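Read the structure below first, then the notes.
The values are calculated or read from the model by the stated rules, or taken from the named source; none is laboratory data. Being a predicted model, the structure only gives us computed values, none of them experimental. Here Cβ is always computed from backbone atoms with ideal geometry, including for glycine, and neighbour counts include all displayed protein chains. Accessible surface areas use protein heavy atoms only, side chains included; no ligands, DNA or RNA. Shrake-Rupley method; radii C 1.70, N 1.55, O 1.52, S 1.80 Å.
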Amino acid sequence: MIQRFTFGCPLPTESVVLPVEPAAAVPYLTAEPDGSWSFSLAEDAVVYGLGEMPRGINKRGWHYVTDNTDESRHGENRLSYYGAHNFLLIDGGAGRSVFGVFVDFPGKVFYDIGYTRHDRLTFRTEEPDYDLYILTGDSPNAVCTEFRKLIGHSYIPPKWAFGFAQSRWGYKTAEDVRAIARQYRENELPLDMICLDIDYMQGYADFTVNKERFPDLAALSAELKQQGIRLVPIIDAGVRIDPEDPTCTEGLEKGYFCTKADGTPFVAAVWPGKAYFADFLRPEVRDWFGHRYKVLTDCGIEGFWNDMNEPALFYSPERLRAFLDSMAQLRGQDNIEQEEFFGKVVGGAMGLMNSPADYASFYHDLAGQQVRHDRVHNLYGGSMTRAAGEAFADLRPGRRTLLYSRSSIIGSHRYGGIWLGDNHSSWEQLLANIQMMPSVQMCGFLYTGADLCGFAGDTTPDLALRWLEFGLFTPLMRNHAGAGTREQEYFRFADQLPALREMLRLRYAMLPYLYSEFMKSALENTGYFRPLGFDWPADPEAREVQDQLLLGDGVMLAPVYTQNAAGRHVYLPEPMQLYRLRSAEDYDTEALPAGHHYVHCALNEVLLFVRPGHAVPLAKPAACTAALDEQPIALLACPDADGHAAYRMYTDDGETMDPEHDGHWTVLDASH
Ligand code: GLC
């Protein structure tokens, strides 16, 4: 059941698609005098949700703020990342209710989940105008399905987007890109996509191509597509200020950029230097900006990533000037007090970036109302995704287009996926990736993944391999690196190359399963990745697990995420069949009883646990999705007590916009 409660006069977010009549009294939660809501947490209560946020699958023991932020220092002490995912699922504990809470609000929401007091959850919105939804159901899975019905079906990418993507901020020329493709193919490493970071543009201006470095993008795109590889260029939120640039001049002419209080366009610097920011909250601006992608779809481009759309702001000219003036006062000094050094010099410089004062200095037009940006901040990135997604329906009618974004809000999951931003090359971030996946997917963002190997800092070959052994299960599977970091294309790691190759090939062998499970969760509003506590809410040990995931109907994963480990502890809520895979063709298997196990897992192995009654089809690995024959060559089965094991496999052409109608279901029987 879904209940809606409206407070004040909420601004429209369009996060919800299902009409819900307003209800009278809010169940479960207590209204506090300060405008917050509270809930008493029993000792064994678990709080799931909040999507893209730090900490474990159980969010208890920390505080969080939904405030979309270009956060480059990922780690457990952060309060906000790039997305606004205000959905909590509270499993009250033994004998208590399970319910969901969705706070539909475009500004900041503050959560204290057992941070001040272990037995208390509170949350509040920055302003008193919002919609609150309470969702109930028999189980965590049932509540999540209700929520997904409320917010509408998730975005579905083309099937080739389930192949592997190689990316790096540093591919500067068409030759660089060709060399990556060549080395992947020469090393027999499967590949479906190469991402183009900002260097393909002319002066970092959206919808331009640097003609010296990429003389013929259409030809390059066609040449690579012959090899089964698609180019996926980046588009940034900030529009370069340049009188020669049509996006800039058209946007100015039509009055499509966000404005300051005096009505002049708001300016802040990002990669291109000074930039304007399209007011994506206006339908006509979305329509205009979305159709600008035509410059690239005309070159045969079929996929994009939208970036810097929190929006990230390096500095505004006003604040930069003020800072430089304050520095001028220090000229000639060579010994300043530490307070002045850290406060004025370091703090002053750092404070230029993503400054709250800048976010409070420009305006949007939201359904005819002039609204200050900070009040609707969290809508910005998702509205950019929506601009592209809506236009693709027109630019590429009847065909799916790949799209993922850095910033998001619940609602934008209908138009694109997300990647988890600028993580770093550390084991801790591999665990964070594992823990974030089910949280993000609960909020509708099914097509997601993190930068494999890590974005910032230098990776190591063993981290690259262990991360791939988890990444091969994530819908978006992309290796991406920051500028200046150690090169981390998989062919760079000679000693681990055979194992890396087999893991990439395993991804392709598993695609019939992974794609089917993705489509089931998209079409039926179920979970692709789920915490164990979702399927065994009455099992106290299952509820505690923070580092194992269910994947679709039939699989449990227990990735190794610590360095130099030759195995790990695994908890099985029910008996399962363990497949220890070194490749799609080379594996051993054993039946494990329910309970606690120490399971060995060498560096070149991945652990796949199949649940009773289920079977996982494996196809013959291929160099790219276009070359994949989905006919299973093997079924990794776990027969139930009656000897039954089967799989319901989904297939379609991978392109159609109407999968519900055009897809086929086949039952594969592995019973004995
Ligand atoms: C941002 C993105 C990152 C990209 C970089 C340069 O930091 O998150 O993925 O490589 O910008 O465009």
Separation between Cα centres of the stretch 429-480 and the stretch 172-194, rounded to whole Å = 21
Dimensions of the stretch 356-433 along principal axes (Cα, Å, largest first)?
-> 47, 42, 16
Distant alpha-carbon pairs in the stretch 192-347 (separation over 27 angstrom), percent = 39
Mean accessible surface per residue for the stretch 513-669, computed with a 1.4 Å probe while every protein chain stays in place, in Å² = 39
In Å, what Rg and Dmax follow from the Cα atoms of the chain?
-> 24.7, 85
Any lysines whose Cα falls less than 28 Å from that of residue 620, other than same-chain ones fewer than 8 residues away, would be 159, 225, 520
Search the structure for amide H atoms under 5 Å from the amide H of residue 634, placed 1.01 Å from N in the peptide plane, and list their residues when 5 or more places away or on another chain.
-> 618
HN-Hα J couplings of the stretch 333-344 from phi, Karplus 6.51/-1.76/1.60, θ = phi - 60°, integer Hz, Gly and Pro as x?
-> 7, 10, 8, 10, 5, 4, 4, 5, 4, 6, x, 7
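For the stretch 577-672, what is one quarter of the convex hull surface built on the Cα atoms, given in nm²?
Numbers: hull surface 32.2 nm².
Directional mean of the projected Cα hull area for the stretch 577-672 stands at 8.1 nm².
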Quick one: net charge around residue 601, please, counting Lys, Arg +1 and Asp, Glu -1 for every other residue with C-beta under 10 Å from its C-beta.
-> +1
Quick calc, the stretch 513-669, dipole around Cα centre from Cβ unit charges on Lys, Arg (+) and Asp, Glu (-), nearest 20 debye, gives 580
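Obtain the radius of gyration and the Kirkwood radius of the stretch 333-476 from its C-alpha atoms and give Rg over Rh. Can you show the working numbers first?
Values: Rg = 20.0 Å, Rh = 18.3 Å.
Computed over Cα atoms, the ratio is 1.09.
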Over the stretch 298-376, what is the relative contact order in whole percent, taking alpha-carbon pairs under 8 Å and six or more residues apart?
-> 29
Give the accessible area for residue 655 in Å² (nearest 10); use a 1.4 Å probe, count only protein heavy atoms, and leave out ligands, DNA and RNA.
-> 40
D (Stokes-Einstein, µm²/s), Kirkwood Cα radius, the stretch 186-247, 1.002 mPa s at 20 °C = 165
A student asked for the Cα radius of gyration and Dmax of the stretch 118-181 in angstrom ought to give 22.0, 58
Quick one: ranking 186, 71 by accessible area, 1.4 Å probe, largest first, what do you get?
-> 186, 71
May I ask you to derive the relative contact order of the stretch 513-669, considering only C-alpha pairs under 8 Å and at least 6 residues apart, and to give it as an integer percent?
-> 18
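Over the chain, what relative contact order in percent results from Cα pairs under 8 Å that are six or more residues apart?
Details: 1578 pairs, mean separation 90.8, N = 672.
Over the chain, the number comes to 14 percent.
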Would you check the accessible area of residue 225, probe 1.4 Å, heavy atoms only, in square angstrom rounded to 10?
-> 70
HN-Hα J in Hz across the stretch 69-74 - Karplus 6.51, -1.76, 1.60, θ = phi - 60°, x for Gly and Pro | 9, 6, 9, 8, 9, 5
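Where Lys and Arg each count +1 and Asp and Glu each count -1, what net charge lies around residue 288 among other residues with Cβ under 15 Å from its Cβ? Before the final figure, lay out the partial values.
On the way: positive: 254, 282, 286, 292, 294, 386; negative: 206, 245, 250, 253, 279, 284, 287, 365, 390, 394.
So the environment of residue 288 carries a net charge of -4.
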Would you rank 661, 413 by solvent-accessible area, highest first, keeping every protein chain in place and using a 1.4 Å probe?
-> 661, 413
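Quick check for me: using +1 on Lys/Arg Cβ and -1 on Asp/Glu Cβ, what's the dipole size of the chain about its Cα centre, in debye to the nearest 20?
On the way: 59 positive and 92 negative charges, 75 e Å.
Once rounded to the nearest 20, the dipole reads 360 debye.
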Return the Rg/Rh value of the stretch 513-669, two decimal places, where both radii are evaluated on C-alpha atoms and Rh is the Kirkwood radius.
-> 0.97
Over its Cα atoms, what ratio of radius of gyration to 2.2 N^0.38 Å does the stretch 299-400 give?
-> 1.59
With every protein chain left in place, what is the accessible area of residue 105 in Å² (1.4 Å probe, nearest 10)?
-> 10
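Please report the antiparallel percentage of DSSP beta bridges with both residues in the stretch 513-669, rounded to the nearest 5. Each step should come with its number before you reach the end.
On the way: 36 of 37 bridges.
About 95 percent, rounded to the nearest 5.
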Inter-centroid distance (Cα atoms) of the stretch 12-84 relative to the stretch 506-580, Å = 24
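Could you give the semi-axes, largest first, of the ellipsoid that matches the stretch 2-151, computed as the square roots of 5 times the alpha carbon gyration tensor eigenvalues and rounded to whole Å? Mind showing how you got there, number by number?
Working: eigenvalues 90, 75, 48 Å².
The answer is 21, 19, 15 Å, longest axis first.
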Determine the order of 178, 611, 96 by accessible area, beginning with the largest, at a probe radius of 1.4 Å.
-> 96, 178, 611
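Counting only protein heavy atoms, what percent of the accessible surface of the chain is carbon or sulfur at a 1.4 Å probe? Write down the numbers at each step before the final one.
Values: 12240 of 24020 Å².
Result for the chain: 51 percent of the exposed heavy-atom area is carbon or sulfur.
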Measuring from the lowest to the highest alpha carbon on each principal axis, how far does the stretch 420-510 reach, largest first, in angstroms?
-> 39, 32, 19
Under the Karplus curve 6.51 cos²θ - 1.76 cosθ + 1.60, θ = phi - 60°, whole-Hz ³J(HN,Hα) for the stretch 26-34, x wherever Gly or Pro sits = 5, x, 6, 9, 10, 7, 9, x, 7
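For the chain, give me the percentage of DSSP beta bridges that are antiparallel, rounded to the nearest 5 percent.
Details: 89 of 116 bridges.
Once the DSSP bridges in the chain are tallied, antiparallel ones form about 75 percent.
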Using a cut-off of 30 Å between alpha-carbon atoms, which lysines can reach residue 254, once sequence neighbours fewer than 8 places away in the same chain are excluded?
-> 211, 274, 294
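Mind putting a number on the dipole of the stretch 429-561 about its Cα centre? Charges go on the C-beta only, +1 for Lys and Arg and -1 for Asp and Glu, and I need it in Debye to the nearest 20. Write down the numbers at each step before the final one.
Numbers: 10 positive and 16 negative charges, 73 e Å.
It comes to approximately 360 debye.
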Nearest 0.05, what FRET efficiency do residue 262 and residue 212 give at R0 = 41 Å with Cβ-Cβ as r?
-> 0.55
Rounded to two decimals, the Debye log10 I(q)/I(0) of the stretch 37-126 (Cα scatterers, no solvent) at q = 0.25 Å⁻¹ is -1.36
Kindly provide the helix-only [θ] at 222 nm of the chain, computed as the sum of -39,500 (n - 2.57) over DSSP H runs of four or more divided by all residues, to the nearest 500 deg cm²/dmol?
-> -7000 deg cm²/dmol
Please give the direction-averaged projected area of the C-alpha convex hull for the stretch 111-246, in square nanometres with one decimal.
-> 15.2
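Please report the antiparallel percentage of the DSSP beta bridges confined to the stretch 312-460, to the nearest 5.
Details: 4 of 9 bridges.
For the stretch 312-460, the DSSP antiparallel bridge percentage is about 45.
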